[in-house]
Amino acid sequence: MRHASFYPSGWLARALQVMACFPALAFGADLQMPNFDSLRDKASDSVVISLDGGLLGMAGQLLDPSNPVDAKAKSVIQGLKSIQVRSFTFEKAYPVPTAEISELRAQLTPPRWQQAIKSHSESDHSDVELYIAAEANQPQGLVLIVTEPREFTVVSIAGAIDLAKLHSLEGHLGVPKLPAGRQANEAK
Amino acid sequence: MSRDLEQDLRQALRPVDPSAELTSKLLAAIPTKHPATTRSARPWLRQMAVAASILLALGLSWGTYQHQQQERASQAHAELLKALAITNRSLDHVYRAVQSLDADRGHGG
């Protein structure tokens with residue numbers, strides 16, 4: 001059972017509807033991402049990645065266009081300004097970094113940022129928050145906060161991102177492909 | 001016997017002051033000034049050495065810079081793939097939430 005709150009007003013509703021069908025959207029708007037240092041000592045695995053436009057360009061040069069996966073990844077990062085990822089995996093339950101989350105949320109305020117999704121799943125005890133930034137009714141930034149019992153992840157993407165292409169990477173890059181019926185089952 | 005030989009050697013190898021004539025000849029043979037052409041005859045040699053040093057330094061710096069850039073690119077490449085994987089996994093939560101809402105709406109409607 002999942003409790004999801006949506007704020008579908010105006011462009012946001014349209015953006016979400018399109019995003020649900022994996023469309024190409026333009027995102028942007030960088031922000032100051034906390035490092036969540038309080039989690040590093042407790043986590044069994046920590047991932048702290050900050051790639052700006054320059055590093056994305058350098059990384060893109062090493063992607064082989066003749067390799068299908070690399071070609072998809074290259075098309076995904078075209079137009080991106082930055083990707084910031086903070087992900088921590090734990091052996092046991094961990095204290096949710098409320099201070100850092102509050103620090104992040106404090107930047108994700110209207111009118112620039114809108115909370116598009118706030119969802120809680122009782123089945124897997126996870127919370128998901130999606131924020132979208134917009135200027136002149138154009139989405140320009142994406143922030144995801146995912147809190148799970150053994151994992152905490154924050155993703156910030158700035159620039160133009162094609163979610164359809166990004167999602168097409170599922171099953172590659174070490175991303176486990178969800179069984180066809182899993183999403184439908186979990187939605188029930 | 002051996003003492004005589006030693007004495008003869010000492011006698012033969014004793015230091016002898018050069019004659020005044022020899023001294024004057026030697027002094028006359030030594031040039032009073034260094035040839036002016038020693039330094040200026042090959043000025044390009046010095047300049048080439050400096051240029052070669054600069055080129056070598058630049059080459060080494062460029063090589064080091066290229067190596068560092070290659071390492072940064074490799075690291076960025078690995079981080080990009082990992083970031084995309086984590087992003088994709090996180091987006092699944094969003095998609096599931098959207099589908100959940102759609103399902104709830106379907107049941108409600």
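For the structure I just gave you, tell me whether A:LYS74 is assigned to a helix (DSSP H, G or I), among the basic types (Lys, Arg) and out of contact with any Lys or Arg (no Cβ under 7 Å at 6 or more places or on another chain). Write out each step before concluding.
On the way: assigned to a helix (DSSP H, G or I): yes; among the basic types (Lys, Arg): yes; out of contact with any Lys or Arg (no Cβ under 7 Å at 6 or more places or on another chain): yes.
So A:LYS74 passes the test.
Can you pull out the residues in the range A:40-81 that are among the small types (Gly, Ala, Ser), under 27 Å from A:GLU148 (Cα atoms) and within 10 Å of another protein chain (Cβ to nearest Cβ)? Working first, answer last.
Looking only at the range A:40-81, we keep the residues that are among the small types (Gly, Ala, Ser), and these are A:43-44, A:46, A:50, A:53-54, A:57, A:59-60, A:66, A:71, A:73, A:75, A:79.
Pick out the ones that are also under 27 Å from A:GLU148 (Cα atoms) and you get A:43-44, A:46, A:50, A:73.
Within the range A:40-81, A:SER50, A:ALA73 qualify.
For (1) surrounded by fewer than 12 Cβ atoms within 10 Å (Cβ to Cβ); (2) touching a Cys at 6+ places or on another chain (Cβ under 6 Å); (3) over 24 Å from B:SER100 (Cβ atoms), each residue gets a yes or a no:
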| site | (1), (2), (3) |
| --- | --- |
| A:GLU91 | yes, no, yes |
| A:PRO97 | no, no, yes |
| A:GLU103 | no, no, yes |
| A:TRP113 | no, no, no |
| A:ASP127 | no, no, no |
| A:TYR131 | no, no, no |
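From the list B:ALA83, B:ALA49, which one is at pLDDT 90 or above, part of a helix (DSSP H, G or I) and within 11 Å of chain A (Cβ to nearest Cβ)?
Values: B:ALA49 fails: within 11 Å of chain A (Cβ to nearest Cβ).
Testing whether each residue is at pLDDT 90 or above, part of a helix (DSSP H, G or I) and within 11 Å of chain A (Cβ to nearest Cβ) leaves just B:ALA83.
Step by step: first the residues of the range A:50-63, then only those that are crowded, with 19+ Cβ neighbours inside 10 Å and outside any helix (DSSP H, G or I), then the one that is nearest to the chain's Cα centre (by Cα). Which residue is that? Write out each step before concluding.
Residues of the range A:50-63 that are crowded, with 19+ Cβ neighbours inside 10 Å, as a first pass: A:51, A:55-56, A:58-60, A:63.
Still in the running and outside any helix (DSSP H, G or I): A:51, A:63.
Working: A:LEU51: 14, A:LEU63: 22 Å.
Going through the qualifying residues, I end up with A:LEU51.
The values are calculated or read from the model by the stated rules, or taken from the named source; none is laboratory data. None of these values were measured; they are calculated from a predicted model. Here Cβ is always computed from backbone atoms with ideal geometry, including for glycine, and neighbour counts include all displayed protein chains.
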